[in-house]
Amino acid sequence: MREDTFVHEPFLKELENIGWDEVIRLDRLHQKPEQSYRESFSDVVMKSKLKEALLKINDFLEDDQVQECIARVTSYTTQGLINNNSKIHELLLGGMSVDENRKTKAKSPTIKFIDFDNMQNNSFIAVSELGVKAKGVETNFNPDVVLFINGIPLVVVEAKSPKVKNALQSGLSDLHDYAQITSSKKRGNSELFFYNLFLVVTDTNQCKFGTITTPSLKNYWRWADPYPKNLDELPRKGGTPNDQNRLIYGMLDKQNLLDIMQSFTVFSSEEEGVAKVVCRYQQFRAVKKAIIRLKNGETPEDRGGLIWHTQGSGKSLTMMFLIRAMYATGEFDDWKIVLVNDRTDLETQLSTTATNIGVKVKVANSIADLKEQIKSEATDIIMAMVHKFQERDIYNTTFPVLNKSEKILIMVDEAHRSIYKSLGSNINRATPNAVWIGYTGTPVDKSDKLFKDYIDKYTMKEAIDDGATLKIVYEGRAHKTDIKEGMIVDIYEGLEVDEESGELKGLNAEIKKAYLESEKTIETKARDMIEHYLTHVYPNGYKAQIVANSQKAAVKYKKIIDKILEEKKANFKADVVISGVNDDEEVQAYAKKDKDAITTSFKLKFDDVKDDIKGDIGILIVNNMLLTGFDAKIEQVMYLDRVLKAHNLLQAIARVNRVYDDGKNVGFVVDYIGIGNHLKEALDFYDAKEASDDLGEGIWDIDRIVAELKETSSKLRAFIEEQDVEIDDYDVWFELFYDEETRFKFLELFKEYAKNFDALYPAAVALDFTQEFQKYSALHVQAMEYEEDDSKKINSKKLQTIVDEYLISKGIDIKVKPIEIFSDEFVQKTKKRKSSKAKAAEIEKALTKYLTVNMPLDPSLYGSFLEMLKKILEQFKDNWDEIYKELEALREKLKQKEEDLSYGLSREQKPYLNLFAQELFGKIEDLNDDEVELVVRVTKDIFEVVQRETSAAYFWESKPARLRLQSEIQQVLLSEEFSKVEKIVKNYKSLILQVVEIAEAKKNDTKL
């Protein structure tokens, strides 16, 4: 299936259908820059179109002022992709000033690059196969579709055929190459992406978007709802509209695209650095619906409502997007906005937003402060940071009427929480005419009358379907760790809790509390928790949270777990985070610990360090803190030893369902207090039928996972039976997997099977499947021989252990370093294959990988060998004896050519030699004697530095060591010996990065 016919062209046609002004279809190989309104292929901005737009939007500009504006937006004053991107985004939103409006004599008028208020003043142009000159070489690269507003490239699209294996991943890899984000391949130009709003990868049926900082495909999102259009309005071929059309009619609608840029894009600080975030469809939809209500509602109740977006769907960002969208309309400039929440990250984000839109954010740190700010007539944003308030002030203070204005918006995060209800009733009394919008991650209690109805819903099931959150696996272990001796009551029968205080209540409450806080009980449970954690979760690098019944119990858990971890000689720690509202001196002492340092450590990977804080805390023990609003994506399991009910329970367990990396497929909740019945009750507690259905989809028990595993196992068995090959005839399987479709089908089935098995192993219910899994994993090794990327690998370290044991027993050693294609080892490995087809397949995949990886270094040389390879496969189709002979001869020919071009250097030095030859002379063959002498000298000196520095233990895990390596390389390149070489001095920064990338690639190839 051709991507240009079935993906690419339909994409362009739909852009025409939704009214894009111009869709330019270029020939990849035969195009001129003038065809896309540019002067050269090095230009990434259509300067003529930008000039037209500047004059149309700012009709007083004169030519020199226009040129000043164009120069400003095409000059890059900072280093790095994300820094330039954020500065240009700020410039495009806020505009710039020129000396004066020479018609009216007004000084320093603001110039707009984009007219967000009048869509018709902007030009919308799509260009297919846009040729852009790659940095450092004389060749162009051609993104499939680039979308320009006023000549500025805001969206880049990469389209792949759905028949291509890992189509979206392949598209994303191309985009990262073009943006020079992660690849050393020389076919990109990051300047095109300095302007980028978002990236799109599509194969028609699947279509997702992300930004330049989105790390992996797992964090790219669908745009499932084309709001304000309905799905019925979209074109389709039977069934529902495909994801490509949903995204086009949603995100790329001209008005929506302008809105997304103006109000729905932020830069935020994450653990990994600055992240660019573009809204997801439910955030966009909820904000748009809220704006309509705020504009058109007749009463405060009509203007407000509740936004139910499940945990992990970005409610804090939705609050901020709403504020930005309100100010963007120009109709709410005189409103006061009060946010009631406990998210410090929102405070930071809002401060940045406020600066951009010219309003002040005032943080109320006490109840008295909040009352004064509500009373004020100022039109500002007030943040009531609940966690900074004294609880006694919240519950014991009564507000008088403070402000009767109808232009007040109260936004409450987690609107159902009791502490907010108490504070909320006071604010309601103080602002009788205010509009209220609540945000909740769980549906609202039937009895809750604060909000008239829902503004928008985004359910747990939708989030799981979108890949935005993970399903949760629930396991009850209360009676497995029960201590029966001397018990006169059933501890778990009728356990009730006071929602305000969190204390146990009801019959025998004191006896039950004493039992739950006894050291014997806690130690029994703690040992079971640690055993579960060490076998199920820790091997994959994830972390755990323990919810204790009281602060006193939390401290006991900490001390007992410390003892158990010492016994186990564990190389990680546990720590406790509690509020200290307790008379116990020991509890108060633990409450004084540095909570920020503890939570920072918990969020880091075990081997990571941030601001001198190590990521060695693997278990976090809490009582009532960090159960809401605390996002640690690395957390996979919660051990519950405290009674929680209804929304409090659902809020807490959602700590484990955050998307993290490819290995985290589910979250675990292990129940030691018997809340299973409360979980079931919670499903019937809410006011919408969909709530019960939805929560049932999001929370699975062990039996349901077992059923899913059996189903995927059955599918795999059926696939293997269809092939009619013995499961341990690995050579034949290797041959079969040469066929891409067969291989792809197996890998997809195995990936789903391994995911379900990983969720259970090593629980007893999984043991029946262990041998079967090991047998399938041996086939998986054969299939993965052909794969270039890791998207189909086993991402579970705990499973890899049992896989490795089995493979070694079968004589399959996957721990050896990759075999170099020109080595005697490779020849021996190939000869061990039984059939000519298997031997030919071994050589073909190795040659293809080698030539593809090296292609950017010398397209002419390696391209010619790739053509020879293709001709052999075509000429001797299905004649595997002849194909094997011809491919072996081609491998020998390539080996000889590489030896001729090595100039006496070793194979380990060759990648560096190729780099310097290409960078300095644009080729790696036909060098004259002086050129050879220069590249050999610089290669030897650089290789010596790399070998010396990277030989240190844990070098690649040490940021200072990596920086030292870069410094040492710089000293060599700028030394007296090489500083006279113009291209070295000019490109030394790029050369340093590429040398480090080669060294790291070699490290990854050779590690055991």
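The values are calculated or read from the model by the stated rules, or taken from the named source; none is laboratory data. Not measured: the values here are computed from a predicted model. Every residue, glycine as well, gets a Cβ built from its backbone with ideal geometry; the counts of neighbours run over all protein chains shown. Surface areas here come from the heavy atoms of the whole protein model, side chains and all, with no ligands, DNA or RNA. Shrake-Rupley method; radii C 1.70, N 1.55, O 1.52, S 1.80 Å.
Consider only pairs whose beta carbons are under 7 Å apart and that are at least six residues apart or on different chains; among these, list those whose first residue lies in segment 26-40 and is farther than 13 Å from Asn142 by Cα and touching a residue at least 24 places away in the same chain (Cβ under 8 Å) and whose second residue is open to solvent by less than 100 Å² (accessible area, probe 1.4 Å) and among the basic types (Lys, Arg).
Short answer, once both residue conditions are applied: Tyr37/Lys49.
Of all residues in segment 858-903, count the ones that are within 30 Å of Glu919 (Cα to Cα), among the small types (Gly, Ala, Ser) and part of a helix (DSSP H, G or I).
Residues that pass the stated criteria total 3.
Considering (1) farther than 30 Å from Ser161 by Cα; (2) modelled with pLDDT under 75, say which one Glu788 fails and leave the rest.
The single condition Glu788 does not satisfy is (1).
Could you go through segment 629-640 and let me know if any residue there is open to solvent by 10 Å² or more (accessible area, probe 1.4 Å) and of a type outside the set (D, E, K, R).
Yes - at least one qualifying residue is present in segment 629-640.
Let's see how each residue does on (1) at pLDDT below 90; (2) surrounded by 14 or more Cβ atoms within 10 Å (Cβ to Cβ); (3) at positive phi:
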residue	(1), (2), (3)
His8	yes, yes, no
Leu12	no, yes, no
Glu16	no, no, no
Trp20	no, yes, no
Lys56	no, yes, no
Thr77	yes, no, no
Asn84	no, yes, no
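Under 6 Å between Cβ atoms, which residue pairs at least 6 apart in sequence (or on different chains) link something in segment 197-208 that is over 15 Å from Gln169 (Cβ atoms) and modelled with pLDDT of 95 or more with a partner that is open to solvent by less than 10 Å² (accessible area, probe 1.4 Å) and among the aromatic types (Phe, Trp, Tyr)?
Phe198/Phe209
For segment 112-123, check the following and say yes or no: at least one residue is within 23 Å of the chain's Cα centre (by Cα) and either aromatic (Phe, Trp, Tyr) or open to solvent by less than 20 Å² (accessible area, probe 1.4 Å) (or both).
Checking segment 112-123: not a single residue is within 23 Å of the chain's Cα centre (by Cα) and either aromatic (Phe, Trp, Tyr) or open to solvent by less than 20 Å² (accessible area, probe 1.4 Å) (or both).
Yes/no matrix, rows are residues, columns are (1) open to solvent by 40 Å² or more (accessible area, probe 1.4 Å); (2) under 24 Å from Asp878 (Cβ atoms); (3) touching a His at 6+ places or on another chain (Cβ under 7 Å); (4) at pLDDT 90 or above:
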residue	(1), (2), (3), (4)
Glu711	yes, no, no, yes
Ile727	yes, no, no, no
Tyr730	no, yes, no, no
Glu752	yes, no, no, no
Lys755	yes, no, no, no
Ala764	yes, no, no, no
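Among the residues of segment 405-453, how many are modelled with pLDDT of 65 or more, of a type in the set (Ser, Thr, Tyr) and outside any loop (DSSP other than H, G, I, E, B)?
4
Pairs, please: C-beta under 7 Å, at least 6 apart or cross-chain, first residue among the acidic types (Asp, Glu) and in segment 325-348, second at pLDDT 90 or above and not in a strand (DSSP E or B)?
Here the result reads Glu331/Lys295; Asp333/Tyr327; Asp334/Lys407, each pair linking segment 325-348 to a residue that is at pLDDT 90 or above and not in a strand (DSSP E or B).
Going by what's in this entry, would Glu129 be described as modelled with pLDDT of 85 or more, surrounded by fewer than 23 Cβ atoms within 10 Å (Cβ to Cβ) and on the phi > 0 side of the Ramachandran plot?
Considered against the rule, which asks whether it is modelled with pLDDT of 85 or more, surrounded by fewer than 23 Cβ atoms within 10 Å (Cβ to Cβ) and on the phi > 0 side of the Ramachandran plot, Glu129 comes out as yes.
Out of the residues in segment 470-487 that are modelled with pLDDT of 55 or more and not basic (Lys, Arg), which is farthest from Glu523 (Cα to Cα)?
The selected residue is Leu470.
Please go through segment 84-112 and give me each residue that is within 21 Å of Thr265 (Cα to Cα) and hydroxyl-bearing (Ser, Thr, Tyr), ordered by number.
Ser86
Go through (1) open to solvent by 10 Å² or more (accessible area, probe 1.4 Å); (2) closer than 24 Å to Glu531 by Cβ for Asp611 and report which single condition fails.
For Asp611, the failing item is (2).
With respect to Asp21, is the statement that it is touching a residue at least 60 places away in the same chain (Cβ under 8 Å), within 30 Å of Pro241 (Cβ to Cβ) and among the acidic types (Asp, Glu) true?
It is true that Asp21 is touching a residue at least 60 places away in the same chain (Cβ under 8 Å), within 30 Å of Pro241 (Cβ to Cβ) and among the acidic types (Asp, Glu).
Given the criteria modelled with pLDDT under 85 and over 20 Å from the mean Cα position of the chain (by Cα), does Leu626 qualify?
Answer is yes for this residue.
Mind listing whichever residues of segment 175-221 are open to solvent by less than 10 Å² (accessible area, probe 1.4 Å), assigned to a loop (DSSP other than H, G, I, E, B) and among the polar types (S, T, N, Q)?
Matches in segment 175-221: Asn189, Asn196, Thr211.
I need the full set of residues from segment 566-594 which are open to solvent by 60 Å² or more (accessible area, probe 1.4 Å) and among the charged types (D, E, K, R), in order please.
Glu566, Glu567, Lys568, Lys569, Lys573, Asp583, Glu585, Glu586, Lys592, Lys593, Asp594
Out of everything in segment 222-243 that is assigned to a helix (DSSP H, G or I) and over 28 Å from Lys664 (Cβ atoms), what residue ends up being least open to solvent (accessible area, probe 1.4 Å)?
Result: Leu231.
Is it the case, given these coordinates, that Gln169 is open to solvent by 10 Å² or more (accessible area, probe 1.4 Å) and more than 25 Å from Val659 (Cα to Cα)?
no
Could you list, in sequence order, all residues of segment 531-545 that are among the aromatic types (Phe, Trp, Tyr) and under 21 Å from the mean Cα position of the chain (by Cα)?
Result: Tyr542, single match.
Show the residue pairs meeting these rules: Cβ distance below 6 Å; 6+ apart or different chains; first residue within segment 147-166 and free of Cβ contacts under 8 Å to residues at least 60 places away in the same chain; second residue open to solvent by 10 Å² or more (accessible area, probe 1.4 Å) and outside any strand (DSSP E or B).
Glu158/Asp174
Okay, residues lined up against (1) under 40 Å from the mean Cα position of the chain (by Cα); (2) modelled with pLDDT of 85 or more; (3) farther than 29 Å from Glu982 by Cα:
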{"position": "Leu894", "(1), (2), (3)": "no, no, yes"}
{"position": "Lys897", "(1), (2), (3)": "no, no, yes"}
{"position": "Ser902", "(1), (2), (3)": "no, no, no"}
{"position": "Arg907", "(1), (2), (3)": "yes, no, no"}
{"position": "Lys910", "(1), (2), (3)": "yes, no, no"}
{"position": "Leu915", "(1), (2), (3)": "yes, no, no"}
{"position": "Gly922", "(1), (2), (3)": "yes, no, no"}
{"position": "Leu927", "(1), (2), (3)": "no, no, no"}
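Determine if segment 706-714 includes at least one residue that is in contact with a Leu (Cβ under 6 Å, 6 or more places away or on another chain) and either within 27 Å of Ser836 (Cα to Cα) or assigned to a helix (DSSP H, G or I) (or both).
No, that holds for no residue.
Here are some residues: Glu944, Glu925, Glu908, Glu919. Which one is closer than 22 Å to Val853 by Cα and either without any contact (Cβ under 8 Å) to a residue 40 or more places away in the chain or open to solvent by 70 Å² or more (accessible area, probe 1.4 Å) (or both)?
It is Glu908.
Could you give every pair whose Cβ atoms fall below 8 Å, whose first residue belongs to segment 552-566 and is farther than 15 Å from Ala589 by Cα and without any contact (Cβ under 8 Å) to a residue 60 or more places away in the chain, and whose second residue is β-branched (Val, Ile, Thr) and open to solvent by less than 10 Å² (accessible area, probe 1.4 Å), counting only separations of at least 6 or pairs across chains?
Ile560/Ile522; Ile564/Ile530; Leu565/Ile530
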